[in-house]
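The values are calculated or read from the model by the stated rules, or taken from the named source; none is laboratory data. Everything numeric in this text was worked out from a predicted model, so none of it was measured. Glycine gets a Cβ as well: all are built from the backbone with ideal geometry, and neighbour counts include every protein chain shown. For accessibility, only protein heavy atoms count, side chains too; no ligands or nucleic acids. Shrake-Rupley method; radii C 1.70, N 1.55, O 1.52, S 1.80 Å.
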Amino acid sequence: MFKDVSSCNTYNYGDALYWDARYVEEGGSFDWYQRYSSLRPFVRNYIPTSSRVLMVGCGNAVMSEDMVADGYEDIMNVDISSVAIDMMKRKYEHIPHLKYMQMDVRDMSVFPDESFEGVIDKGTLDSLMCGNDAPISAAQMLGEVSRLLKPGGIYLLQITYGDPTVRMPHLIRPVYNWKVNLYIIPRPGFQRPEGCSSSIKSYLEPIPITEKGLLPAEFVLEDPDCHFIYVCKKDDMELSSATTYGLTVDLLQ
């Protein structure tokens, strides 16, 4: 598996120094890809409001704030940038439902196994896939996500530019034991061209995929720059440390 360059540029989005500099320069808030209002149906459908939720790569987005306003009670937000975390801690110090920790998602060992019912990722895996040693970084992060999910828990890889050809090979590895559903939604402001055909009947219905986790050959995307949402449900089987170690060794070879 190679680095996914489909949505990358010359920046190293997997580097903490890049993000620290960016947050110092820009300040304020910024939500990647989609706002919570567009993602709410998927979040509410798969993650109950009483769940303990982990937001990986929270940055300076307001999505967690919007989720609390929508009834979510316990959201742990982590990001590799200490600048972003310090900023968000100050901004939300009056909201006990939101907690913030500076952390690399490739090593979240501060949390015990099976700590969360839901993990939400809005662009973080995309960032790692643009960095150095992308397959190794992806395996480390996804292994941690799987470890931290309770049996039956949900990893919402929501909103990514990575289509199934570049994301499914990472998500369907037996070591994670995830059942994956795929959704596709248009980018904000997209207008379907008149007479344009589409294989999507409803954005809230999962997309049928092949046995290899890919889109059928006859599938038609109405928006070539659409966003993909992967809903990964953890099975009841436990992820052993030996299996995780074997996955990393396999990728290194």
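For the reader, a short list of remarks on this structure follows.
- When Glu65, Glu93 are screened for being more than 24 Å from Gly153 (Cβ to Cβ), surrounded by fewer than 21 Cβ atoms within 10 Å (Cβ to Cβ) and among the charged types (D, E, K, R), only Glu93 passes.
- Selection count where residues are modelled with pLDDT of 95 or more, outside any helix (DSSP H, G or I) and surrounded by fewer than 24 Cβ atoms within 10 Å (Cβ to Cβ), scope the stretch 117-152: 5
- The condition of being more than 18 Å from the chain's Cα centre (by Cα), more than 18 Å from Phe42 (Cβ to Cβ) and at pLDDT 80 or above holds for only one of Pro174, Pro193, that being Pro174.
- Considered as a group, the residues in the stretch 196-222 that are of a type in the set (Asp, Glu) and either modelled with pLDDT of 90 or more or open to solvent by 80 Å² or more (accessible area, probe 1.4 Å) (or both) include one that is farthest from the chain's Cα centre (by Cα), and that residue is Glu218.
- Matching residues in the stretch 223-234 - criterion: being modelled with pLDDT under 90 and open to solvent by 30 Å² or more (accessible area, probe 1.4 Å): Pro224, Asp225
- Options Val83, Val105, Val68, Val110; residue that is of a type in the set (A, V, I, L, M, F, W, C), outside any loop (DSSP other than H, G, I, E, B) and free of Cβ contacts under 8 Å to residues at least 60 places away in the same chain: Val68
- Applying the condition of being touching a strand residue (DSSP E or B) at 6+ places or on another chain (Cβ under 7 Å) and in a loop (DSSP other than H, G, I, E, B) to the stretch 86-102 and asking which residue is modelled with the highest pLDDT yields His97.
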